[in-house]
Amino acid sequence: MSAASSEPGQHRRAVVYDARAGGLGMKIKTVPMPRVGDNQMLVSVKAASLNPVDYKLPKLPLVGLTADGKVVGIDFSGVVERVGPSVDNFKAGDRVYGFAQPMTEHGALSPFIMCDPGRCSKIPQAADFAQAASIPTASVTSLQALRDAACVKEGDKVLILGGSGGCGIAGVQIAASLGAEVTAVCSGANADLVRSMGAKRVIDYKVQTVSEALSGEGKTFDAVYDTVTSPEDKDYYSECSFLVKQGGTYVGINAHASDWLRYFGSRVSGIPLQKRGFKLIITNHLTAPQDLSTLSEMIEDGSLRAVLDTTFEFTGEGVCGAFERLKSRRTVGKIVVAMP
């Protein structure tokens, strides 16, 4: 196989960003089959899961200017069709899952994608394609937030905000597997599920606020993992930061605009500008193989299990329904699009 083989004359369907499409700003379009380079793989995608960033990317300053025509989606699972000559850790027929490359022609929402072997791992035997597709972003982000950013260890007390969402469910299980005592915040309707994931205590935010539920308990937690706060939603930091012990960490995966400005200002200047004890993280894909391997082991030993909210078909109606469901912010687990 040459260093840049292709599928002449062949095409595929893909969900692409299109500002003229109205609504979600996406549409299913016929695009060329991907070219598979020296250290790349062609994967037949069986399932892809959605993340909020999928529909937010076109709205971001500067980034959004180049979105049109790019294939949507990050998380996928599938079967390797062929590999480039320098790929020695995967072969045709392997079941794989991992991170596609958003904002390129290699996004996840297509029946065929080209992917980087350094962003993938083999699917554990205990998981099917839909379950595997639901793992990468939510679980790797949660692993990096709790294990790496917050340094959660045996005996720590951890508060997880948004305990029944994709990142929240992963976070509850990962924190529990690290030996922490977990308190989770979600609606009462999802309390039993979240307890079954490993939460010792559940706070129903529809009945009382977190500060009301924990008033009088003082600085209780070694770590707070905030999966809810965003520019469009409530800022939980102002309500919950007082609950963090001295030397503890408040970790967010999203934040209000001022926090993002401090984040990028710190990165550019090298000067710590963020609020004390607060860490805002972006998923690090450079450690994807190692982190996915860790998660695969957890899936095999039963300490991590995928929770799927809804599975949609890869049709115009199905994709629209999937994103509308995601934007409702009332999902329990992950939303998956099944490929034909």
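Of Cys151, Cys167, all but one fail to be touching a residue at least 24 places away in the same chain (Cβ under 8 Å), part of a loop (DSSP other than H, G, I, E, B) and outside the structural domain of Leu42 (by TED's automatic domain parsing); the exception is Cys151. Please find, within segment 221-258, the residue that is farthest from the chain's Cα centre (by Cα) out of those that are modelled with pLDDT of 90 or more and of a type in the set (Val, Ile, Thr). Per the criteria, the residue is Val244. Of all residues in segment 71-104, those being modelled with pLDDT of 95 or more and closer than 27 Å to Pro58 by Cα number 12.
Yes or no, residue by residue, for (1) surrounded by 16 or more Cβ atoms within 10 Å (Cβ to Cβ); (2) assigned by TED's automatic domain parsing to the domain that holds Cys151; (3) among the polar types (S, T, N, Q):
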site: Met197; (1), (2), (3): yes, yes, no
site: Gln208; (1), (2), (3): no, yes, yes
site: Tyr237; (1), (2), (3): yes, yes, no
site: Phe264; (1), (2), (3): no, yes, no
site: Ile281; (1), (2), (3): yes, yes, no
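Residue-by-condition table, conditions (1) of a type outside the set (Gly, Ala, Ser); (2) outside any loop (DSSP other than H, G, I, E, B):
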residue	(1), (2)
Ala184	no, yes
Ser196	no, yes
Glu232	yes, no
Lys245	yes, yes
Ser258	no, yes
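There is at least one residue in segment 132-140 that is within 30 Å of Asp94 (Cα to Cα) and touching a Pro at 6+ places or on another chain (Cβ under 8 Å).
Residues that are outside any helix (DSSP H, G or I), in contact (Cβ under 8 Å) with a residue 60 or more places away in the chain, closer than 23 Å to Lys46 by Cα and assigned by TED's automatic domain parsing to the domain that holds Ser121 do not occur anywhere in segment 319-329.
The values are calculated or read from the model by the stated rules, or taken from the named source; none is laboratory data. Just so we're clear, the structure is a prediction, and the values are computed from it rather than from any experiment. Glycine also receives a Cβ, built like all others from the backbone with ideal geometry; neighbour counts cover every protein chain displayed.
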